[in-house]
Amino acid sequence: MTQAAEAVQPQAPRREVIYRHPAWVRVAHWVNALCLLVLLLSGLQIFNAHPALYWGRSSPFDRPFISLEAREAGPGKLAGVSRIGGLSLPTTGVLGVSKGEDGQPEVRGFPKWLTLPGYRDLATGRRWHFLFAWLFVVNGAAYLALLLFGRRLRTVLWPTAKDLRGVGASIWEHVRLRRAKGEAARSYNVLQKLSYLAVIFLLLPLMVLSGMTMSPGLDTVFPGLLWVFGGRQSARTIHFLTASAVVLFFLVHVFEVFAAGFWNEMRSIVTGRYAVDVEGPKE
């Protein structure tokens, strides 16, 4: 092969390991993951005490905004029904009616495998929920302080004007399940940046503040919260909806981890190091 032919021979990609996540980000990530898991399971235990949501300051039991109900479906039979506004969906076996401790159908908002504890115990569920809620708030406050007073928000998470112009193209790449490679893999894409910012500065604060509004004790300290959320029942509904949005974000997040390369992504959030394939000879 001539020197000219060798010159145009494409270089095979080489793998380069970069440092992606500092230690404080990794610690905050895993503490948040644990807290959110316990908060979700214990929160569903609390929700099961009255599996219905309302808007405003009162609870019109005959007009819930969302409810998980049980109805008679014949002699000795129960059917689970989930209502969202005027829409009713049959959800027997999962929502409204599920298998009880004795293996028989029982009236229950969420099934026992989705609550902490699995058996009916509102008091224990509340203890777990409040303990991990405060741990979540302390961890989140520390993360937010380091984010705001450090360089990570500006250099890693904040989208540039060029990023925002490429939102449509990024959506199309995700629809086709195409993942960033080479230099593009060194940083978050615009959809990742926007989703992380929405979770950090919108969903999680709303979830925490609406949860605080449901506490009569905290309402005496921060009475304005009841006015902001339009009543304790509205706060409870917003708390449920924002928590549901966080669960949806988590499911998409896990899917993206597998799609982008599970072991590489896990190594980055455990050790901070992330491997990217780059073109050209090693310098």
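Quick one: in region 226-283, which of the residues that are over 30 Å from residue 54 (Cβ atoms) and in a loop (DSSP other than H, G, I, E, B) is modelled with the lowest pLDDT?
Among those residues, the one meeting the criterion is 283.
Condition check ((1) assigned by TED's automatic domain parsing to the domain that holds residue 33; (2) without any contact (Cβ under 8 Å) to a residue 24 or more places away in the chain; (3) closer than 18 Å to residue 180 by Cβ) across all residues:
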| residue | (1), (2), (3) |
| --- | --- |
| 196 | yes, no, yes |
| 216 | yes, yes, no |
| 237 | yes, no, no |
| 269 | yes, no, yes |
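Give me the pairs, please: first residue somewhere in region 26-45 and closer than 10 Å to residue 115 by Cα, second residue anywhere and among the polar types (S, T, N, Q), beta-carbon distance under 8 Å, and either six or more positions apart or on two chains.
41/115; 42/115; 44/115; 45/115; 45/124
Working only within region 29-65, note down all residues that are aromatic (Phe, Trp, Tyr) and over 15 Å from the mean Cα position of the chain (by Cα).
Within region 29-65, 47, 54, 55, 61, 65 meet the criteria.
Quick check: anything in region 84-91 surrounded by fewer than 19 Cβ atoms within 10 Å (Cβ to Cβ), assigned to a loop (DSSP other than H, G, I, E, B) and hydroxyl-bearing (Ser, Thr, Tyr)?
The answer is yes; a qualifying residue exists.
Return yes when residue 250 is among the aromatic types (Phe, Trp, Tyr), in the same structural domain as residue 140 (by TED's automatic domain parsing) and in contact (Cβ under 8 Å) with a residue 24 or more places away in the chain and no when it is not.
Considered against the rule, which asks whether it is among the aromatic types (Phe, Trp, Tyr), in the same structural domain as residue 140 (by TED's automatic domain parsing) and in contact (Cβ under 8 Å) with a residue 24 or more places away in the chain, residue 250 comes out as yes.
I need every pair where a residue in region 62-89 that is of a type in the set (S, T, N, Q) has its Cβ under 6 Å from the Cβ of a residue that is part of a loop (DSSP other than H, G, I, E, B), sequence separation at least 6 or different chains.
82/91; 82/95
Criterion first (without any contact (Cβ under 8 Å) to a residue 40 or more places away in the chain, over 21 Å from the mean Cα position of the chain (by Cα) and surrounded by 14 or more Cβ atoms within 10 Å (Cβ to Cβ)) does residue 118 satisfy it?
no
Which of the residues belonging to region 149-179 are over 28 Å from residue 26 (Cβ atoms) and exposed (fewer than 10 other Cβ atoms within 10 Å of the Cβ)?
161, 162, 168, 175, 176
For residue 30, indicate whether it is within 30 Å of residue 149 (Cβ to Cβ) and modelled with pLDDT of 85 or more.
The answer is yes for residue 30.
The values are calculated or read from the model by the stated rules, or taken from the named source; none is laboratory data. Computed from a predicted model, the values in this text were never measured in an experiment. Glycine also receives a Cβ, built like all others from the backbone with ideal geometry; neighbour counts cover every protein chain displayed.
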